[in-house]
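Sharing a structure, written as structure tokens. Questions coming.
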Amino acid sequence: MPPADACPNCGQNEWLGNPHIHYLPRLKKRADGSYRVDTYNGVHVKVWRCNNCLYVATFWEPD
């Protein structure tokens with residue numbers, strides 16, 4: 001489902017979406033100061049692009 005709001009850049013409501021939802025894992029800081037990737041928790045990201053001005057809008061949903 002495309003965004004309900006019009007594009008904040010040009011005001012048009014013509015959105016093109018990527019049919020895939022992407023997953024971005026989170027990083028966890030270790031006691032020694034280094035980081036590791038937490039593959040069990042992350043963010044689902046959906047990207048929409050305005051068909052008129054190419055503005056990119058991202059929407060995310062945490063796990």
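Mind counting the residues in the range 1-44 that are charged (D, E, K, R) and within 15 Å of Ala57 (Cα to Cα)?
Total meeting the criteria: 2.
Hey, any hits in the range 14-22 for a residue that's without any contact (Cβ under 8 Å) to a residue 60 or more places away in the chain, open to solvent by less than 70 Å² (accessible area, probe 1.4 Å) and among the acidic types (Asp, Glu)? Talk me through it step by step, then tell me what you get.
First, pick out the residues of the range 14-22 that are without any contact (Cβ under 8 Å) to a residue 60 or more places away in the chain: 14-22.
Adding the requirement that they be open to solvent by less than 70 Å² (accessible area, probe 1.4 Å) leaves 15, 17-18.
When the remaining residues are screened for being among the acidic types (Asp, Glu), the result is none.
Checking the range 14-22: not a single residue is without any contact (Cβ under 8 Å) to a residue 60 or more places away in the chain, open to solvent by less than 70 Å² (accessible area, probe 1.4 Å) and among the acidic types (Asp, Glu).
Looking at Gly11, is it out of contact with any Pro (no Cβ under 6 Å at 6 or more places or on another chain) and among the small types (Gly, Ala, Ser)?
Considered against the rule, which asks whether it is out of contact with any Pro (no Cβ under 6 Å at 6 or more places or on another chain) and among the small types (Gly, Ala, Ser), Gly11 comes out as yes.
Quick one: in the range 34-55, of everything that is surrounded by 13 or more Cβ atoms within 10 Å (Cβ to Cβ) and among the polar types (S, T, N, Q), which residue is farthest from the chain's Cα centre (by Cα)?
So the residue we want is Asn52.
The values are calculated or read from the model by the stated rules, or taken from the named source; none is laboratory data. Since the model is a prediction, treat every value here as computed from it, not as a measurement. Quick reminder, even Gly has a Cβ in these numbers, built from the backbone with ideal geometry, and neighbours come from all protein chains shown. What goes into the accessible areas is simple: the full protein's heavy atoms, side chains included, and nothing from ligands, DNA or RNA. Shrake-Rupley method; radii C 1.70, N 1.55, O 1.52, S 1.80 Å.
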